[in-house]
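Down below is the structure, laid out as structure tokens.
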Amino acid sequence: MTQAIRKTAPGALEPVPFHIPKPYSTRLANGLKVVILEDRRLPLVSYRLGFLAGDVNDSSDRIGVTSAMASMVTEGTVTYSSKALAEKIERLGASISASSSEDFTIIAASSLSIYSSDILELVAELIFRPTFPENELDLYKRNALENLKFQRSQPNFLANEQTARILYGEHPYSRISPSPADIEKLTRQALTDRHAELIAPNNAILIAVGDIERDEFLAELEDKFGAWAPAEQVVTPPAEPPTRAARTLTIVDRPGSAQANIVLANIAMERNNPDYFPAIVMNQVLGAGASSRVFMNLREDKGYTYGAYTRLDARRLAGDFEATAEVRTAVTGDSLHEFFYELDRIRNERVSDDELADAQNFLTGVFPIRAETQEGLTNLIVNQELYGLPDDYLQTYRENVSAVTADDVLRVANKYIWPERLAIVVVGDAGEVLPQIRKYSDQIEVFDTEGNPLELASFEADRGIPPENVSGNWELNVDFQGQAVQITMAIEQNAADISGTIETILGSGSIREGRVQGSRVHATASTEIQGQAVDFVITGAVDGDEMTGTLSTDVIPDSLAFAGKRKL
Amino acid sequence: MSEAFKLPPLDIEEYSLGNGLRVVLNRDDAVPVVAVAVYYNVGSRNEREGRTGFAHLFEHMMFQGSENVKKAEHFQFIMKAGGTMNGTTSSERTNYFETLPANQLPLALWLESDRMRSLAVTQENLDNQREAVKEEKRLRYDNQPYGPIFDLINEMIYRNFANSHSTIGSMEHLDDATVEDVQEFFRIYYAPNNAVLVISGSFETAAAKDLVETYFGDIPSQPAPPELDVSEPKEVAQTYREWEDKLAPFPAFLIGWKIPQRRTPDFYALYLAGKLLYDGDSSRLYQKLVKGEESVIQLFGFTDERRGPSSIFVGAIPKPEKDLSRIRDIIMTEIRDVAANGPTADEMQKLHNQLINDAVRMRQSSMSRAQHIAEYALYDGDPSLINAELDDLLSVTPEQIRNAVQNYLNTDNRALLDIVPAGKG
């Protein structure tokens with residue numbers, strides 16, 4: 001083989017067509033919609049019974065009831081105790097589960113096709129004869145309370161909680177979890193009532209994929225579910241999410257947190273919006289994956305984080321656009337700077353043909369990989385059916401992705417990303433992050449991890465106090481793995497802004513983006529060390545002619561403490 | 001019916017290139033997707049004292065570029081072609097794999113062959129990947145509650161250094177490594193004759209063979225790697241260790257046993273015993289501890305499958321204020337029950353149905369097929385063993401399970417690790 005063949009990436013072979021057959025749809029007399037796709041590749045069946053209501057439909061005095069009902073429906077029936085049901089299912093090597101999301105409630109069952117009738121019978125058991133035993137409800141409530149406590153220790157949960165509250169206001173998407181009081185209030189009667197209303201054929205779609213014969217299956221459905229009676233559905237139209245007029249900043253204070261979880265978000269689109277395809281292509285260019293712009297910038301280029309992404313969360317009633325990253329505390333401000341740079345760039349410049357093609361190739365390429373397993377194929381059909389997408393949605397998905405143009409991307413970026421009206425939510429050490437990011441908004445709120453508001457003033461004692469004079473030449477000792485390493489900084493000051501130069505034994509550089517608030521100094525120094533560009537973030541506090549603080553850089557994992565004096 | 005259940009065999013074709021690279025083709029045109037897996041016969045078991053963490057460091061190095069693929073481009077090429085990819089390291093092997101649209105098979109073979117032939121083992125790459133590994137260790141082990149517990153218990157279970165040390169390894173050892181050490185490691189272990197290449201999914205057989213020959217055929221082979229001894233003395237005494245975890249919110253414990261190697265009747269029997277003890281909502285320990293006693297937040301267990309002595313673990317995170325020794329007594333009581341009475345007929349039926357179900361599901365995705373096939377090819381020299389796996393498992397008798405539990409689990413030959421929260425809270 002010649003060297004030449006190896007020099008460049010080989011081209012693709014002829015594309016292999018991929019056809020997802022269209023499922024067959026029908027409806028039973030009681031209103032149950034039935035969607036069947038015969039898939040004979042392997043002796044397996046997958047069933048999904050999807051209901052068009054979820055957590056958002058909980059009445060205000062019974063928050064959490066749909067989720068509890070779904071979790072509990074497998075915990076005992078007239079015929080089987082919780083344990084007997086688990087044994088019955090697992091003895092077939094099958095799985096049956098039920099869960100709710102905000103928009104939907106789904107009972108999922110899958111097994112070898114020889115047990116197809118057995119699992120349908122068990123699904124019927126969950127529909128017609130659940131008992132919601134008191135002792136199982138007690139266990140559920142105690143575990144749910146423990147889980148809520150655990151969630152409050154997770155910065156992601158805290159960030160999502162605030163983001164949803166701010167974006168959605170009175171809209172039910174504002175609530176990402178019931179409160180402990182909501183959980184305590186749940187009763188067996190509430191679960192039984194919810195089951196009676198929600199688990200109804202006129203509110204449901206049964207999706208069956210696998211090694212089944214259509215007519216036999218329909219006869220069996222008629223037999224098992226034909227007598228299932230419809231129930232009236234009470235649908236309360238949701239309140240509109242609030243209109244946003246300005247950018248806001250919300251900080252959840254986690255004192256001592258080594259990292260800051262950043263979310264930038266605004267309301268975007270519901271799932272069946274006609275702009276969905278241009279929007280997912282735009283989001284793929286911008287931040288959906290690990291070759292997207294924000295990842296390449298914040299992680300690969302700057303090293304601020306392990307991962308930085310954007311997300312288009314398009315749900316049934318509404319949706320939002322989010323940019324997220326978990327970054328080292330010292331680079332919170334710099335990370336926001338880069339996020340805004342990327343959000344502006346995708347709104348102001350047309351994406352290049354190459355970037356557009358890469359994003360489209362990714363989305364069309366992974367599509368068949370997602371349909372490889374029966375569960376994957378079933379999930380694609382479930383999405384199409386529950387969101388009410390067009391009948392040929394899966395068949396035309398790849399064409400629709402490929403049809404998106406650079407102009408479409410520019411248009412939807414402007415329509416659905418609003419840098420001036422974003423909700424910025426940061427979970428981290430408020431005292432550390434606030435000075436870095438306060439310039440991004442005039443509307444600032446601070447909360448503790450329990451969601452209680454805190455006094456902003458207590459985190460910015462220095463605000464309004466004139467900046468101290470920090471100009472001059474500083475000789476500082478940095479503690480580098482137990483060794484004192486000397487550096488010098490020459491700082492020029494103009495009101496609260498500082499600039500200057502930095503010298504280290506390894507190289508020198510310039511100080512930019514520096515600010516002084518009271519006695520606190522925050523700046524970034526760009527240096528070159530052994531031919532490599534290295535950015536340091538300097539956070540310091542001045543006391544007369546002495547300064548203490550930390551230096552951090554992505555080259556060195558932990559921040560380095562420094563202390564020193566102004567040369568008089 | 002389960003004994004009579006026969007899966008159609010997978011289509012397997014195996015051959016070797018002149019340089020010793022073993023190639024396995026598993027064609028299945030159901031979906032226009034192709035998976036490529038390259039398994040190198042090197043894991044932490046091959047590391048010497050003073051040189052731990054090399055196998056895993058290499059997994060990082062393999063994404064740092066080669067003669068014709070620049071640093072970090074591997075990933076970009078795969079993403080842009082609409083694929084997914086990764087690499088992992090275990091005690092047994094280091095693997096690299098990608099799934100792509102079927103017409104992108106040449107890209108996967110080009111990328112894998114370029115790094116097998118010409119990995120850029122430079123000082124700069126070594127330095128920055130050492131730092132990346134340190135960051136990964138901080139993130140996944142040092143900064144996670146319960147992060148290092150499996151490494152700790154392996155040190156208690158195994159006596160042979162090849163088996164007992166962790167895959168992430170020692171950061172001091174990585175710091176001591178020179179570029180020459182790393183180049184030598186690459187030369188010995190990343191040779192074509194020390195690897196298996198599996199292609200599974202939709203492709204034309206003749207075209208695939210041509211591509212493999214084109215890209216891999218002239219990579220030079222190397223002398224065989226040094227022989228390895230992973231034998232272990234038979235343990236007789238319990239070992240106990242208490243470990244303070246600064247991040248753990250609750251106490252926890254982990255029990256581990258040393259058991260025979262993979263693909264032996266005893267290993268299979270213990271794998272099945274594990275499933276009935278801790279796998280699923282109807283398992284014995286779930287019903288006793290999570291339901292019945294309501295004393296446990298989380299219950300877990302698994303077998304660590306190796307070519308030499310292997311291990312099985314059971315662990316739990318109890319609810320606050322619960323008595324850990326009582327929970328451990330319940331675990332040992334169930335083990336004694338299986339050792340005395342064996343599994344019930346219902347349990348055997350459950351195991352059989354689950355095994356068939358697992359075997360069918362494993363065949364759905366080209367990547368999971370490729371990975372299973374690669375293990376049999378690399379460890380056993382026979383990729384077609386994938387077609388015998390289900391029968392081997394289904395032929396295990398209740399008596400074999402009972403005897404294996406009696407001989408290996410109902411003994412003092414076990415390690416107990418107590419995790420004690422030592423945080424500020």
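The values are calculated or read from the model by the stated rules, or taken from the named source; none is laboratory data. Since the model is a prediction, treat every value here as computed from it, not as a measurement. Here Cβ is always computed from backbone atoms with ideal geometry, including for glycine, and neighbour counts include all displayed protein chains.
Per-structure values
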| read-out | value |
| --- | --- |
| Region B:197-232, subset in a helix (DSSP H, G or I) and charged (D, E, K, R), residue farthest from the other protein chains (Cβ to nearest Cβ) | B:209 |
| Failed criterion for residue A:44 (all others in (1) more than 18 Å from residue A:224 (Cα to Cα); (2) surrounded by fewer than 16 Cβ atoms within 10 Å (Cβ to Cβ) hold) | (2) |
| For residue A:183: the one exception among (1) more than 13 Å from chain B (Cβ to nearest Cβ); (2) out of contact with any Phe, Trp or Tyr (no Cβ under 8 Å at 6 or more places or on another chain); (3) surrounded by fewer than 20 Cβ atoms within 10 Å (Cβ to Cβ) | (3) |
| In region A:290-326, the residues that are among the aromatic types (Phe, Trp, Tyr) and farther than 17 Å from residue A:535 by Cβ | A:295, A:306, A:309, A:321 |
| Any hit, region A:201-212, residues being closer than 15 Å to residue A:23 by Cβ and over 37 Å from the mean Cα position of the chain (by Cα) | no |
| Meets criteria (among the hydrophobic types (A, V, I, L, M, F, W, C), within 17 Å of residue A:329 (Cβ to Cβ) and in contact with a Leu (Cβ under 7 Å, 6 or more places away or on another chain)) for residue A:480 | no |
| Hits in region A:467-502 - residues which are under 40 Å from the mean Cα position of the chain (by Cα), assigned to a loop (DSSP other than H, G, I, E, B) and under 24 Å from residue A:434 (Cα atoms) | A:467, A:496 |
| Residue count, region A:316-344 (criterion: closer than 19 Å to residue A:301 by Cβ and either more than 22 Å from the chain's Cα centre (by Cα) or not basic (Lys, Arg) (or both)) | 20 |
| Filtered residues of region A:150-188 (kept if charged (D, E, K, R), touching a residue at least 24 places away in the same chain (Cβ under 8 Å) and part of a helix (DSSP H, G or I)) | A:152, A:161, A:182, A:184, A:185, A:188 |
| Counted residues, region A:46-62 - those being without any contact (Cβ under 8 Å) to a residue 40 or more places away in the chain and assigned to a helix (DSSP H, G or I) | 0 |
| Enumeration of residues in region A:21-45 that are assigned to a strand (DSSP E or B) and more than 7 Å from chain B (Cβ to nearest Cβ) | A:24, A:25, A:26, A:27, A:33, A:34, A:35, A:36, A:37, A:38, A:45 |
| Residue match in region A:131-143 (condition: away from chain B (no Cβ under 14 Å), over 26 Å from residue B:288 (Cβ atoms), among the hydroxyl-bearing types (Ser, Thr, Tyr) and in contact (Cβ under 8 Å) with a residue 12 or more places away in the chain) | no |
| Neighbours by Cβ (under 8 Å, 6+ apart or cross-chain): first from region B:259-281, touching a residue at least 40 places away in the same chain (Cβ under 8 Å); second among the basic types (Lys, Arg) | B:261/B:306; B:261/B:307; B:262/B:306; B:262/B:307; B:276/B:284; B:276/B:350; B:277/B:284 |
| Residue A:89 being within 14 Å of another protein chain (Cβ to nearest Cβ) and over 30 Å from residue B:78 (Cβ atoms) | yes |
| Yes/no for residue A:222 being at pLDDT 95 or above and surrounded by fewer than 21 Cβ atoms within 10 Å (Cβ to Cβ) | yes |
| Residue in region A:235-258 that is at positive phi, surrounded by fewer than 22 Cβ atoms within 10 Å (Cβ to Cβ) and assigned to a loop (DSSP other than H, G, I, E, B) present | yes |
| Any hit, region B:280-303, residues being surrounded by 17 or more Cβ atoms within 10 Å (Cβ to Cβ) and more than 14 Å from chain A (Cβ to nearest Cβ) | yes |
| Residues satisfying the stated conditions in region B:138-160, i.e. more than 19 Å from the chain's Cα centre (by Cα), at pLDDT below 85 and in a helix (DSSP H, G or I) | B:138, B:139, B:142 |
| Cβ pairs under 7 Å, 6+ apart, first in region A:7-20 and more than 7 Å from chain B (Cβ to nearest Cβ), second of a type outside the set (Lys, Arg) | A:20/A:371; A:20/A:394; A:20/A:395 |
| Answer residue from region A:92-111, given it is of a type in the set (A, V, I, L, M) and closer than 15 Å to residue B:283 by Cα and is nearest to the other protein chains (Cβ to nearest Cβ) among those | A:92 |
| Positions within region B:63-73 being among the basic types (Lys, Arg) and either touching a residue at least 24 places away in the same chain (Cβ under 8 Å) or at the interface with chain A (Cβ under 9 Å from one of its Cβ atoms) (or both), in sequence order | B:71 |
| Helices (runs of 4 or more DSSP H) enclosed by region B:52-137 - at least 3 residues per element that are under 22 Å from the mean Cα position of the chain (by Cα), over 24 Å from residue A:5 (Cα atoms) and modelled with pLDDT under 95 | B:54-61, B:123-137 |
| Members of region B:362-375 that are at the interface with chain A (Cβ under 7 Å from one of its Cβ atoms) and among the basic types (Lys, Arg) | B:363 |
| Matching option when the condition is modelled with pLDDT of 75 or more and not aliphatic (A, V, I, L, M), among A:503, A:513 | A:503 |
| Qualifying residue in region A:286-295 (condition: of a type in the set (Lys, Arg) and either under 17 Å from the mean Cα position of the chain (by Cα) or modelled with pLDDT of 95 or more (or both)) | yes |
| Count of residues meeting criterion [buried (at least 21 other Cβ atoms within 10 Å of the Cβ), among the hydroxyl-bearing types (Ser, Thr, Tyr) and within 14 Å of chain B (Cβ to nearest Cβ)] in region A:57-79 | 1 |
| Filter pass, residue B:13 being under 17 Å from the mean Cα position of the chain (by Cα), among the charged types (D, E, K, R) and either modelled with pLDDT under 95 or more than 26 Å from residue B:303 (Cβ to Cβ) (or both) | no |
| Top-ranked residue of region B:74-120 - restricted to ones that are among the hydroxyl-bearing types (Ser, Thr, Tyr), in contact with a Gly (Cβ under 7 Å, 6 or more places away or on another chain) and closer than 13 Å to residue B:367 by Cβ, ranked as nearest to the other protein chains (Cβ to nearest Cβ) | B:99 |
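Matching residues to (1) assigned to a helix (DSSP H, G or I); (2) within 14 Å of chain B (Cβ to nearest Cβ):
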{"site": "A:309", "(1), (2)": "no, yes"}
{"site": "A:333", "(1), (2)": "yes, no"}
{"site": "A:336", "(1), (2)": "yes, no"}
{"site": "A:339", "(1), (2)": "yes, no"}
{"site": "A:355", "(1), (2)": "yes, yes"}
{"site": "A:383", "(1), (2)": "yes, no"}
